[in-house]
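Enquirer: One structure coming up, written as structure tokens, with questions to follow.
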Amino acid sequence: MSLSRIVLVSVALVLLSPVAPAQDKKPLVSRERVQLNLAGAETVLEAAKKKAAELGLACNIAVVDDGGHLLSFARMDGARPASAATALTKAVSAATFRQETGPLPPKGEPDVLLSLSIQNASGGKVTTLKGGVPIVIDGQLIGAVGVGGGTGEQDAEVARAGIRVLLDAVREKK
């Protein structure tokens, strides 16, 4: 087959191929997206600090967006400086893995060696410590909260308290 014949057949195939109607084309951007902003992050932070104080805890609290980028942070008076990095890592892990942090496997007996190896392999950027909780609105993960300063259960309780105040405020404004 000559080159001109191949070109002619190729052009004919392109011209004869069905054109997709406009309604079948997929959108190029998402417009129906809920996004956590600074005011929302600060609302979570203030409520979480209040809950920590009620529990008698001095905590580090980090609030991140859906990509794990820091929006708001507080180290309460008396909180351990080392827990600041832990709180941020918990928040980032919860946001990027789209689930609460905790021992692996999540529904089985915690595997301490697996948890430690994941933390070490990630260079400390991922954690399986409890206390990272995602923020979900309208079925969309919009951010996460990480808390360090109490037990894992207390940290998660503080994070959830902050999130609950945000969710209540959002519902009131609808």
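Enquirer: Of the residues that sit in segment 44-63 and are within 16 Å of L167 (Cα to Cα) and not basic (K, R), which one is nearest to the chain's Cα centre (by Cα)?
Expert: Taking the candidates together, the pick is V63.
Enquirer: Against the conditions (1) on the phi < 0 side of the Ramachandran plot; (2) modelled with pLDDT of 95 or more, where does G108 fall short? Just the number, please.
Expert: Result: G108 fails condition (2) only.
Enquirer: OK, next. Checking the condition out of contact with any helix residue (DSSP H, G or I) (no Cβ under 7 Å at 6 or more places or on another chain) and at pLDDT 95 or above, which residue from L36, L45, L16, L55 passes? Spell out how you get there, then give the answer.
Expert: Working: L45 fails: out of contact with any helix residue (DSSP H, G or I) (no Cβ under 7 Å at 6 or more places or on another chain); L16 fails: at pLDDT 95 or above; L55 fails: out of contact with any helix residue (DSSP H, G or I) (no Cβ under 7 Å at 6 or more places or on another chain).
Only one candidate passes the filter, namely L36.
Enquirer: Now for a different question. Report, by residue number, each residue of segment 69-84 that is loosely packed, with under 15 Cβ neighbours inside 10 Å and either in a helix (DSSP H, G or I) or polar (S, T, N, Q) (or both).
Expert: A82 - this is the single residue of segment 69-84 that is loosely packed, with under 15 Cβ neighbours inside 10 Å and either in a helix (DSSP H, G or I) or polar (S, T, N, Q) (or both).
Enquirer: What number of residues within segment 27-68 satisfy the criterion of being β-branched (V, I, T) and in a loop (DSSP other than H, G, I, E, B)?
Expert: First, the residues of segment 27-68 that are β-branched (V, I, T): 29, 34, 43-44, 61, 63-64.
Going one step further and asking which of them are in a loop (DSSP other than H, G, I, E, B), we end up with 29, 34.
The qualifying residues number 2.
Enquirer: OK, next. Could you say which residue among Q119, Q154 is polar (S, T, N, Q) and at pLDDT 95 or above?
Expert: From the options Q119, Q154, the qualifying one is Q154.
Enquirer: Turning to a different aspect of this structure: List every residue pair whose Cβ atoms lie under 7 Å apart, where the two residues are 6 or more positions apart in sequence or sit on different chains, the first residue falls within segment 144-156 and is on the phi > 0 side of the Ramachandran plot and buried (at least 24 other Cβ atoms within 10 Å of the Cβ), and the second residue, located anywhere, is in a helix (DSSP H, G or I) and not β-branched (V, I, T).
Expert: So the pair list comes out as G149/A52; G149/S83; G149/D155.
Enquirer: I'm told T86 meets every condition in (1) within 20 Å of L167 (Cα to Cα); (2) touching a Gly at 6+ places or on another chain (Cβ under 8 Å); (3) modelled with pLDDT under 95 except one. Can you identify the failing condition by its number?
Expert: Just one mismatch for T86, condition (1).
Enquirer: Return the residues of segment 38-54 that are in contact (Cβ under 8 Å) with a residue 24 or more places away in the chain and aliphatic (A, V, I, L, M); say none if nothing qualifies.
Expert: L38, A41, V44, L45, A47, A48, A52
Enquirer: Residue pairs, Cβ under 6 Å, 6 or more apart or interchain, first in segment 71-89 and without any contact (Cβ under 8 Å) to a residue 60 or more places away in the chain, second β-branched (V, I, T) and part of a loop (DSSP other than H, G, I, E, B). List them.
Expert: Once the first residue is without any contact (Cβ under 8 Å) to a residue 60 or more places away in the chain and sits in segment 71-89, its partners that are β-branched (V, I, T) and part of a loop (DSSP other than H, G, I, E, B) give T89/T127.
The values are calculated or read from the model by the stated rules, or taken from the named source; none is laboratory data. None of the values given here were measured: they were computed from a predicted structure. Note that each Cβ is placed from the backbone with ideal geometry, even for glycine, and that neighbours are counted across all protein chains shown.
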